[in-house]
């Protein structure tokens, strides 16, 4: 996770601002991912609250992470689809990449240290 986070930051900061292709298919997939992963996140959270279980807690954390990533991707793709040439689009894309990379780094570090954070 730590290496993935560092790689994402590097790619986000140093990638060229070349023309983006058709983002609509990716946007549809990302929106469906937000819906599905959020539903699983809430479902596993509720089940874990009703009857605490390490597996349910881990599933809840997994789907919360997937929901966060899909939300960041969706927001970035909405900006790219709506205003591909706008300067704000680059910053929204960069911001989403940094949020996801930071999440990976923080969780990677806490995993290495043996601590578990709630998301």
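Can you order the peptides 83-89, 101-107, 42-48, 70-76 by their average number of other Cβ atoms within 10 Å per residue, highest first?
70-76, 101-107, 42-48, 83-89
Can you pull the percent of Cα pairs in the stretch 23-86 with separation above 13 Å?
Tail fraction, whole percent: 62.
Please check which bits of the stretch 39-53 a label hung off residue 78 would reach, taking the label as a point 7 Å along Cα-to-C-beta and the cut-off as backbone N under 20 Å.
Of the residues in the stretch 39-53, 39-42 have backbone N under 20 Å from the label point off residue 78.
Only counting other Cβ atoms within 10 Å, I'd like 61, 90 sorted with the fewest neighbours first.
The order, fewest Cβ neighbours first, is 90, 61.
Since every read-out is calculated from the coordinates, none of them should be taken as a lab result. Please read these numbers as outputs of a predicted model, since none were measured by experiment. As a convention, Cβ positions derive from the backbone with ideal geometry for all residues, glycine included, and neighbour counts pool all protein chains shown.
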